[in-house]
Amino acid sequence: MNDFEKEINRFYNTGYTFFLNKSETNNVINRLKKNSFSIYKPNNYSEKVVIYNKIPDIILLEIEIKEKIRHQDILGSLMNLGIDDSLFGDIIIHNDHYYFYTFRYMLDYFNLEFRKIKHSYINLIERDLNLLNDYEPDFIDIKVITKSLRIDSVIAKVIHTNRDDVKKLIKDKMVIYNDEILKDYDKLLKTNDTFSVRKIGKFKFDNIISNTKKDNLIINIKKYN
């Protein structure tokens with residue numbers, strides 16, 4: 001049984017799926033009867049959603065920590081717990097506060113097991129689920145010059161390496177493109193495509209700004225802050 005079938009079975013047995021990314025959501029929806037479900041998005045920019053006909057008890061947890069941390073620090077610590085990433089929703093950093101969504105029945109587990117990020121101890125505090133309704137992602141704009149919109153070329157420019165190193169990252173399944181493991185080196189980026197390089201960060205292709213005199217492209221990439 002593949003992951004999509006598990007989520008479909010979970011939907012029919014419990015009334016809802018776990019948290020799904022865009023690709024997973026599309027695959028599950030295509031296998032469900034029309035008008036038999038709704039989609040729960042914790043906020044307008046949520047990338048992970050829950051498909052339901054019986055809405056689950058979802059909560060928002062804030063991570064209290066004394067040091068400044070990154071999205072990948074939180075994600076890495078959560079994944080080190082050995083749980084599936086479908087058990088928690090989006091990780092959000094907003095105004096130097098750190099949050100993630102999960103199911104209420106996971107609260108005791110996280111309070112018991114999720115105690116540190118990097119070398120710092122943390123506290124988890126439940127916040128009002130509507131706290132981040134007006135949240136908008138923070139981006140850092142990165143302008144790069146590239147010969148083409150090939151994803152290996154763009155990533156090489158963004159992370160300051162060469163295309164051979166990027167091809168190795170892709171081969172090692174370290175690059176996620178639009179929520180799926182990237183397999184094609186020569187994939188051409190389109191506006192609003194996202195890609196992430198594990199342990200480095202997540203990015204979105206914004207637009208082509210202009211061309212150089214040598215006919216290279218000047219493009220804008222948005223890095224998730």
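Laid out as a table, the results:
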read-out: Of Lys48/Lys143; Lys41/Lys167; Lys34/Lys222; Lys116/Lys222, those spanning more than 32 Å from alpha-carbon to alpha-carbon; value: Lys41/Lys167; Lys34/Lys222
read-out: Per principal axis, descending, Cα span of the stretch 139-224 in whole Å; value: 36, 26, 20
read-out: Positive-pole candidate from Thr212, His160, Ile140, dipole of the stretch 139-224, charges at beta carbon; value: His160
read-out: Spin-label model distance (nm) - Ile125 vs Leu87, 7 Å beyond Cα toward Cβ; value: 2.5 nm
read-out: Debye intensity ratio in log₁₀ form over the Cα atoms of the chain, taken at each q of 0.13 Å⁻¹; value: -0.87
read-out: Efficiency of FRET between Asn178 and Lys41 - r from beta-carbon atoms, R0 22 angstrom, step 0.05; value: 0.80
read-out: Average Cα contact separation per residue, the chain, under 8 Å, 6 or more apart, as relative contact order %; value: 17 percent
read-out: Gap separating the Cα centres of the stretch 19-60 and the stretch 177-225, nearest whole Å; value: 26 Å
read-out: 22 Å Cα-Cα threshold exceeded, pairs from Lys118/Lys202; Lys147/Lys199; Lys68/Lys118; Lys171/Lys199; value: Lys147/Lys199
read-out: Calculated Rg and Dmax of the stretch 89-191 using C-alpha coordinates, Å; value: 18.6, 51
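Values in this text are rule-based calculations from the coordinates and carry no lab data. In this text the structure is predicted, and so the values were computed from the model without any measurement. With ideal geometry, Cβ positions are generated from the backbone for all residues, glycine too; neighbour counts draw on all protein chains shown.
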